[in-house]
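Taking it in order: structure first as structure tokens, then the write-up.
The values are calculated or read from the model by the stated rules, or taken from the named source; none is laboratory data. Predicted, not measured: the structure shown is a model, and the values here were computed from it. Here the Cβ positions follow ideal geometry from the backbone for every residue, glycine too, while neighbour counts run over all protein chains shown. Heavy atoms of the whole protein, side chains included, go into the accessibility calculation; ligands, DNA and RNA do not. Shrake-Rupley method; radii C 1.70, N 1.55, O 1.52, S 1.80 Å.
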Amino acid sequence: MTAPANWYPDPSAPHQVRYWDGAQWTQHVSVAPAPVPYAVRPRLFYALTKSMAIASIAMAGCVVLLQLLAAVFVWPGNRAVEDKFVAGGDIMDVLTTYDAVSALKFLLLFPAAYIVTCMWLWGVRRNAEALNPIARHVRERGWVWGSWVCPVVSLWFPFQIVRDVQAATNPHGRRTALIGWWWAAFLVLNLTLNAYSLRGSAGNDLAEIKAFDAIAGIGEVIGLLVSLAAGTLWAAIVLRIERNQAALLAGR
């Protein structure tokens with residue numbers, strides 16, 4: 001009678017464990033101890049993340065709402081800039097509703113969304129490590145906070161963190177393409193955020209100002225569509241991770 005499928009000490013390397021599929025050794029190895037059953041620790045050990053999950057989804061919805069307002073008010077804002085230029089005034093003195101919406105988005109909403117989302121992600125990462133100790137996370141837990149704001153690595157570190165948390169507590173141990181689509185939409189959204197800096201940024205030629213304003217307007221419309229896609233995908237990812245972790249914690 002052969003041993004049941006499980007992780008066992010690797011006969012060829014005592015410092016690691018290797019997965020036995022019930023008939024033969026597989027190529028799957030880990031330096032960590034053999035996995036313990038899910039949710040064997042006291043319930044109070046796990047982070048309570050439901051409220052932060054709801055808040056993170058709500059923040060994504062607020063981003064979509066402000067992006068909608070930006071896409072609406074960018075056009076009258078552009079006209080105000082062009083009228084100021086024709087009148088011989090300084091276009092940098094023009095303050096419009098679009099400017100107010102953009103300031104609210106950059107100075108208040110984005111920092112709040114960053115804090116809430118990182119608090120949620122920190123909790124589910126801690127839960128994932130407790131529920132599945134041998135799951136591989138390519139980034140240390142500290143990158144939950146740092147990955148979003150560090151130059152260059154912010155282009156892929158957050159994606160890896162969310163991907164690994166989802167895979168660690170997926171009942172089938174699989175990754176999902178949903179996270180890849182979300183991250184692609186998120187990166188495109190970040191590109192469209194430069195639209196605000198383009199509005200009215202041209203020099204002393206009205207045609208050039210109109211061209212830059214048109215680009216800014218189109219950028220805000222694209223940003224609205226992309227933010228809607230990114231927000232919807234993010235909500236689906238958050239709910240999936242919450243559902244998987246709750247099921248494992250309940251012993252199902």
Next item on the list: Could you list all residues from the stretch 153-175 that are crowded, with 16+ Cβ neighbours inside 10 Å and either of a type in the set (Val, Ile, Thr) or out of contact with any Phe, Trp or Tyr (no Cβ under 7 Å at 6 or more places or on another chain) (or both)?
Entry: Gln160, Ile161, Val162, Arg163, Asp164, Val165, Gln166, Ala167, Ala168, Thr169, Asn170
Checklist line | Condition met for Leu104 (over 15 Å from the mean Cα position of the chain (by Cα) and crowded, with 19+ Cβ neighbours inside 10 Å) | finding: no
Item checked: Within the stretch 108-136, considering residues that are among the hydrophobic types (A, V, I, L, M, F, W, C) and over 19 Å from the mean Cα position of the chain (by Cα), the one nearest to Val31 (Cα to Cα) -> Ile134
Next item on the list: State which residue pairs qualify: first residue over 19 Å from Arg240 (Cβ atoms) and among the hydroxyl-bearing types (Ser, Thr, Tyr) and inside the stretch 124-147, second residue open to solvent by less than 10 Å² (accessible area, probe 1.4 Å) and part of a helix (DSSP H, G or I) in any location, beta carbons under 7 Å apart, and separation of 6 or more residues or different chains.
Entry: Ser147/Pro158; Ser147/Ile161
Notebook entry, point to check: Out of (1) open to solvent by less than 70 Å² (accessible area, probe 1.4 Å); (2) in contact with a Ser or Thr (Cβ under 8 Å, 6 or more places away or on another chain); (3) at pLDDT below 95, what's the single condition that is false for Ala214?
Noted result: (2)
